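First up is the structure itself, then whatever we jot down about it.
The values are calculated or read from the model by the stated rules, or taken from the named source; none is laboratory data. Please read these numbers as outputs of a predicted model, since none were measured by experiment. Reconstructed Cβ throughout: ideal geometry from the backbone, glycine too, with neighbour counts over all protein chains shown. All accessible areas refer to the heavy atoms of the entire protein, side chains included, with ligands and DNA or RNA removed. Shrake-Rupley method; radii C 1.70, N 1.55, O 1.52, S 1.80 Å.
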Amino acid sequence: MRRAFQGLDSGQLLLICGAGLVAVAGVAHTSAVGLDRPEIAIGFGALIAVGELARLTMPGNREVAPIGAAAALGYTLLLDLSDNPLRHTALQVVAVIAVGMIAGALPHLAVGRPPRLDAMARRLLTGALLAFAFRPLADPLFQLTRQDPPTWWPALGVMVTLITLTLLIDVLIAALLRAEQVRAAFKVAVRDELNMAFPLGAAVAASGVLLALATHSMDLVALLVFAAPLLVTQVAFRKYAGIRATYLQTVRALSRVTEVGGYVEPGHSRRVSRLAVAVGRELGMAEPELLELEYAALMHDIGQLSLSDPIPGGATVLADPTQARRIAELGAEVIKQTGVLDRVAELVRRQCDQIAEDPPLSSRIIKAANAYDDLVGGSADRDRAGAALERLRLAVGTAYDPAAIEAMTRVVDRLAVHKL
């Protein structure tokens, strides 16, 4: 559990404390007044626990639990069971979600895989927010469904409206946390969350609404009926996340070939990749672009494998421009052989282009980051870093992009302060 708290920033700690207070209030209230319809609470709580047990990590290190989130939404939106109204309070909903999440996290803790506490806190707080907004309206909405003829449109409208608002709030919270964690601009973090996380959230929300409506006519059998397709969907998401992780691991392993062969200094590709991604984030690049940038930066020197006589220290910044361009072209040809990284190959090929040739922004960033690391290496000497940046500024406008150099200067300054 100690590891789960390590590296948390102030925003994450505040979120976790807030979720903890809400959970304690919900459990304490429910313990005092007792469970309303305990069989329903236990059924949904068990499905939430299963969802937490089967949680997965999506691209961007986003921890999600689609089954658990859908079950929590379904329990929040329940209006009736077998035509009998359900009057469980928002605090009971919070208690069921909290207990289910804790129960699902315990097996992971037992095997040394602690959950992301900030991700769990976010799921609990957004579920609590929806519960406090919807549960006071549950009884009036149920009465509307009992009219002759019954009408479900008002209930559906309220559900969709409140869920949409909750999803947007969740996106804003996630963007705030991500902006603080990776030092991205808030508007960029919001855009990334909308593109990467909102579609999954919308799918989970639709499943939660369907689960609540199905329980109206199918009773608790709906839990079993909906759990199976949700589990299949989660398996598909897990495979997708696994493929993305395998790609990155393969690229990282491939990038080390030049280091093992003595063509570049140890750690060069990794340092260039980290610096390039930080610069790209500083310039407001979206996550898909940052992923391509990371791939290209890791493999930017792979063309050196074609050299019969390695460049001293692998420093292409000191090489003849024609030779550097030839290395980039050969590296691009190697990457193209994968059949799936054509865009990355193009970024690598154009990293030696002059500014007048209008290379892609990622190629400009790689060129600047590579030159900086060629001059500084793994040194933490601030004078050496300042001298390297000054040398790169002298070639701004011809060899190096001015925006990339200025962004890199800010990143290097932050890293120097962090190390101090």
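Shape analysis of the chain places it in the prolate category; the axes a ≥ b ≥ c from the Cα gyration tensor give an a/c of at least 1.5, with a/b above b/c. Computed from phi, the 3J(HN,Hα) profile of the stretch 131-136 under the Karplus parametrisation 6.51, -1.76, 1.60 (θ = phi - 60°) reads 4, 5, 7, 8, 4, x Hz, with x in place of Gly and Pro.
Can you show me the helix-derived [θ] at 222 nm for the chain, built from DSSP H runs with n ≥ 4 at -39,500 (n - 2.57) apiece and divided by the number of residues, rounded to the nearest 500. Display every interim value, and only then the final one.
Working: 18 runs with 304 residues, N = 420.
Theoretical 222 nm ellipticity from helices: -24000 deg cm²/dmol.
Principal-axis analysis of the Cα atoms of the chain puts helix 186-196 at an angle of about 70° to the longest axis.
What does the C-alpha gyration tensor say about the overall shape of the stretch 84-218? Classify as rounded when a/c is under 1.5, otherwise prolate if a/b is larger than b/c, or oblate.
Oblate, since a/c reaches 1.5 and b/c is not below a/b.
Taking all protein chains as they are arranged and a probe of 1.4 Å, the heavy atoms of D139 leave approximately 60 Å² accessible to solvent. Computed from backbone phi with θ = phi - 60° and the Karplus coefficients 6.51, -1.76 and 1.60, the 3J(HN,Hα) list for the stretch 262-272 is x, 7, 9, 5, x, x, 4, 4, 5, 5, 4 Hz; x is used for glycine and proline. Taking all protein chains as shown and a probe of 1.4 angstrom, D9 keeps an accessible surface of around 30 Å². When both the stretch 278-311 and the stretch 342-398 are represented by their alpha-carbon centers, they are found 10 Å apart.
So how do 60-73, 326-339 stack up, highest first, on mean other-Cβ count within 10 Å?
Numbers: 60-73: 23.7, 326-339: 18.1.
Descending packing order for the listed peptides: 60-73, 326-339.
Would the stretch 157-305 count as rounded, prolate or oblate if I go by the C-alpha gyration tensor, calling it rounded below 1.5 in a/c and otherwise prolate when a/b exceeds b/c, oblate otherwise? It is oblate, given that a/c is not under 1.5 and a/b is not larger than b/c. Per-atom-type breakdown for the chain gives carbon and sulfur 63% of the accessible area (1.4 Å probe, protein chains only).
For the charge dipole of the stretch 309-420, defined by +1 on Lys and Arg C-beta atoms and -1 on Asp and Glu C-beta atoms about the Cα centroid, which residue among T409, C352, P312 has the Cα displaced farthest towards the positive pole? The one lying farthest along the dipole's positive direction is T409. Computed from backbone phi, the HN-Hα couplings of the stretch 49-64 come to 4, 4, x, 5, 5, 9, 4, 9, 10, 8, x, x, 6, 8, 8, 10 Hz, rounded to whole numbers (Karplus: 6.51 cos²θ - 1.76 cosθ + 1.60, θ = phi - 60°; Gly and Pro given as x).
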